[in-house]
Amino acid sequence: MDARLHRLQGKAEGVKPTDLAALLQECYRDRLALFERHRAVAVHLTPYDVNNTYQYVINREETHLEWLAAALADLDTPLPARSDGPSVTVGRGKDAWKALLLDDAASGKAFVEKWRPRVEGLTHARNQTMLRLMLGEVQEQTRLMEQGAQGEPDLLGRGGQGAGKRGVVAGARWMGD
């Protein structure tokens, strides 16, 4: 019984609770950096489908950060400090925003490449499953960014019949009287 409890707490061969906490903190920092970058990029994306896709990605990233925060709380480990986030500028030209998507897709691929082997080495089943799900979603988000940069429409699916052609996201919204 003692050995079983030991394994359930993530102490079996390989990852001690302190190592697991450090790994989860590092993953949180890396995921937070992607999240903050995507928030900074989203304000520059005017094509409706692309901006809507980024809103979807940001929403899922918030969920990933919540998962990681809960896992760290289970280990009585504090969250890493947050930064102000990056400052993003868009180059000149009608399609200059596409470079931002390609940069984000490359960052997503690098994140998955860095974390996949580390996640597969975990012995803590619950955290391993959580991180596998997160990595799968990052791969999907990366694919969406690549497709957006290629100008593919309907990134998140087609609108219903009669939905019409989608336009652009306005830089400023009318607020009324």
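Of the residues making up segment 74-111, just one is touching a helix residue (DSSP H, G or I) at 6+ places or on another chain (Cβ under 7 Å), at pLDDT below 90 and among the basic types (Lys, Arg), namely ARG82. In the set GLU66, GLU137, GLU152, only one residue is surrounded by fewer than 18 Cβ atoms within 10 Å (Cβ to Cβ), in contact with a His (Cβ under 8 Å, 6 or more places away or on another chain) and not hydroxyl-bearing (Ser, Thr, Tyr); that residue is GLU137. Only residues that are in contact (Cβ under 8 Å) with a residue 40 or more places away in the chain and of a type in the set (A, V, I, L, M) were counted in segment 100-121, giving 4. Within segment 124-147, count every residue that is more than 22 Å from ASN51 (Cα to Cα) and β-branched (Val, Ile, Thr). Total satisfying the criteria: 1. Checked against (1) surrounded by 13 or more Cβ atoms within 10 Å (Cβ to Cβ); (2) farther than 19 Å from ILE58 by Cβ; (3) of a type outside the set (Phe, Trp, Tyr); (4) free of Cβ contacts under 8 Å to residues at least 24 places away in the same chain, HIS124 passes all but a single condition, namely (4). Using the structure shown, decide if LEU122 is of a type outside the set (S, T, N, Q) and either part of a helix (DSSP H, G or I) or modelled with pLDDT of 95 or more (or both). Judged against the criteria, LEU122 is not a match.
Filter segment 130-149 down to the residues that are without any contact (Cβ under 8 Å) to a residue 24 or more places away in the chain, within 20 Å of LEU45 (Cβ to Cβ) and either outside any helix (DSSP H, G or I) or not charged (D, E, K, R) (or both) and list them by number. Selection gives GLN147 alone.
Would you call ALA71 touching a residue at least 24 places away in the same chain (Cβ under 8 Å), assigned to a helix (DSSP H, G or I) and surrounded by fewer than 17 Cβ atoms within 10 Å (Cβ to Cβ)? So ALA71 fails the test. Taken across segment 29-37, residues that are at pLDDT 90 or above, of a type outside the set (Lys, Arg), over 10 Å from the mean Cα position of the chain (by Cα) and closer than 21 Å to GLU140 by Cβ do not occur at all. Being of a type outside the set (Asp, Glu), surrounded by fewer than 16 Cβ atoms within 10 Å (Cβ to Cβ) and assigned to a helix (DSSP H, G or I): is that true of ALA105 here? Judged against the criteria, ALA105 is not a match.
The values are calculated or read from the model by the stated rules, or taken from the named source; none is laboratory data. Owing to the predicted nature of the structure, the values given are computational and were not obtained by experimental measurement. Here the Cβ is made from the backbone with ideal geometry for all residues, glycine too, and neighbour counts use every protein chain on show.
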